[in-house]
Amino acid sequence: MAKLFLIYILGIGLHVSNHKLVGQAIDSTNGGPADKKATKETIALYDNLKKLLNKGFMFGHQDDLAYGVGWKYEDGRSDIKDVTGDYPAVYGWELGHLEIDKPVNLDSVPFDKMQQLIKQGYGRGAVITISWHLNNPLTGKTAWNPEPGTVACILPGGSKHDLYKSWLDKIALFMTGLKGSRGEFIPVIFRPYHELNGGWFWWGGKHCTPDEFKKLWIFTVSYLRDQKGLHHLLYAYNTDRYSSKDEYLEKYPGDEWVDVIGFDIYQRNSSNEEFIADIDKMLSMLEEIAREKNKIPALTEFGGNMADNHWWTDTFLKGIGKHKISYVLGWRNAGGKPGGQFEGYVPYKGHGSNDNFIKFYKLENTFFESDISNQKIYQ
Ligand code: BMA
């Protein structure tokens, strides 16, 4: 018992030993995850995400348990819970700056706190997804520094390849620190290199060739999976807005390297009607691709029109309503920022759209944490 306890304690810290992890070769229906040695909880998650597609979609929120509008790190608090009494079904987290050994991520969330909050959400039966706005490894600047040649330089043989591997080692260490109460690894939908068709990140748009991007993706997955022995990750390939299936698939690395396919969309200046039409069109294409490739479709990030108090049912739902989609992830409620801007994408205490959001919450096909806990998606 004492020995088991010690192993558990060693396992929950951020600085767990980085030994190779042994996966369990269990096959599953639908082809199963891209990782053929995925742990049984990861396979269960994958299968259940597919099954749930027929019933509705899960609602997710970035950084939900860390902070919201007007508060930070209050135990058990969540803007979604403040409004609905229930937590989101999907929790998004972000690892940017882990690669440069900062104790907090680029949005000031401490990594050790993040691990605890991930365990909390998973412990209640919810889904975890993690993005990574990693700095530019060539220039040392941010993810938004699209220096030509960056992707090429981190590929095998490139001048920054070893540096990139050392960054992946840190990602692997963080991931191995994620364990549930029985010592099992917490399955994570890992979503690196998102918005890959946009021009703002160093890995995006024309800053690398499709071939370079595919090589980067394949190297990253095989390094984490085969070298580091991580078998509790599902991988999400994700673009920004897109206008054709060809555009969506231009940098797709192949079915054996991807589990979830998604895109990010922000309404910004478009009208509600335009947004409904856009999201409807993109989801139709995504669904087709998901069907052809046997993948899980998701709206991996979104931001709507928070000034419209009926947006949730009258716009968002109209755009996604008839589609089969696994989950939608509202981006972070950062609230007021030092520069005076406000950032928030889901309702919070006192917000004008709360009544409408509660209507949305009560619909049969919108899943929040209590719905998902009942489904026991890790079994
Ligand atoms: C952006 C904004 C930024 C944030 C970044 C990474 O969309 O929310 O404030 O730093 O994502 O999370």
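Can you say whether N269 is in a loop (DSSP other than H, G, I, E, B), without any contact (Cβ under 8 Å) to a residue 12 or more places away in the chain and surrounded by fewer than 22 Cβ atoms within 10 Å (Cβ to Cβ), as far as the supplied structure shows?
yes
If you take the residues of the range 100-124 that are part of a loop (DSSP other than H, G, I, E, B) and buried (at least 20 other Cβ atoms within 10 Å of the Cβ), which of them is nearest to the ligand (Cβ to nearest atom)?
Selected residue: N105.
Out of G92, G85, which single residue is closer than 30 Å to K322 by Cα and without any contact (Cβ under 8 Å) to a residue 12 or more places away in the chain?
When all the criteria are applied, what remains is G85.
Please go through (1) within 16 Å of I265 (Cβ to Cβ); (2) among the charged types (D, E, K, R); (3) surrounded by fewer than 16 Cβ atoms within 10 Å (Cβ to Cβ) for E301 and return the number of the only condition it doesn't satisfy.
It fails just one condition, (3).
Among the listed residues G140, G149, identify the single one that is more than 16 Å from the ligand (Cβ to nearest atom) and in contact with a helix residue (DSSP H, G or I) (Cβ under 9 Å, 6 or more places away or on another chain).
G149
Please work out which one of (1) closer than 29 Å to E287 by Cα; (2) among the charged types (D, E, K, R); (3) surrounded by fewer than 19 Cβ atoms within 10 Å (Cβ to Cβ) is the condition E74 fails and give its number.
(1)
All but one of (1) more than 16 Å from the ligand (Cβ to nearest atom); (2) in contact (Cβ under 8 Å) with a residue 40 or more places away in the chain; (3) buried (at least 22 other Cβ atoms within 10 Å of the Cβ) hold for K376; state the number of the condition that does not hold.
Answer for K376: the failing condition is (3).
Given the range 276-379, what helices (runs of 4 or more DSSP H) lie entirely inside it while holding 3 or more residues that are among the aromatic types (F, W, Y)?
354-362
When the range 62-99 is examined, which residues are found to be among the polar types (S, T, N, Q), more than 14 Å from the ligand (Cβ to nearest atom) and either assigned to a loop (DSSP other than H, G, I, E, B) or within 19 Å of A334 (Cβ to Cβ) (or both)?
S78
Every residue, every condition in (1) among the polar types (S, T, N, Q); (2) under 30 Å from I43 (Cα atoms); (3) assigned to a loop (DSSP other than H, G, I, E, B), yes or no:
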residue	(1), (2), (3)
T142	yes, no, yes
S166	yes, yes, no
R182	no, yes, yes
F190	no, yes, no
H194	no, yes, yes
G198	no, no, yes
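Check the range 224-240 and report whether any residue there is more than 19 Å from the chain's Cα centre (by Cα), part of a loop (DSSP other than H, G, I, E, B), on the phi > 0 side of the Ramachandran plot and of a type in the set (D, E, K, R).
no
L283 versus (1) under 25 Å from P187 (Cβ atoms); (2) in contact with a Ser or Thr (Cβ under 6 Å, 6 or more places away or on another chain): which is the lone unmet condition?
Among (1) under 25 Å from P187 (Cβ atoms); (2) in contact with a Ser or Thr (Cβ under 6 Å, 6 or more places away or on another chain), the lone unmet condition for L283 is (2).
Taking only pairs six or more apart or across chains, which ones have beta-carbon atoms under 8 Å, a first residue in the range 327-346 that is more than 15 Å from I279 (Cβ to Cβ), and a second residue that is modelled with pLDDT under 95 and within 9 Å of the ligand (Cβ to nearest atom)?
Listed by first residue and then by second, the contacts come to E343/K337.
Taking the range 305-334 on its own, how many of its residues are of a type in the set (G, A, S), away from the ligand (no atom under 11 Å from the Cβ) and either at positive phi or surrounded by fewer than 23 Cβ atoms within 10 Å (Cβ to Cβ) (or both)?
Residues flagged as of a type in the set (G, A, S), away from the ligand (no atom under 11 Å from the Cβ) and either at positive phi or surrounded by fewer than 23 Cβ atoms within 10 Å (Cβ to Cβ) (or both) within the range 305-334 amount to 2.
The values are calculated or read from the model by the stated rules, or taken from the named source; none is laboratory data. This structure is a prediction, so every number in the text was calculated from the model and none was measured. Here Cβ is always computed from backbone atoms with ideal geometry, including for glycine, and neighbour counts include all displayed protein chains.
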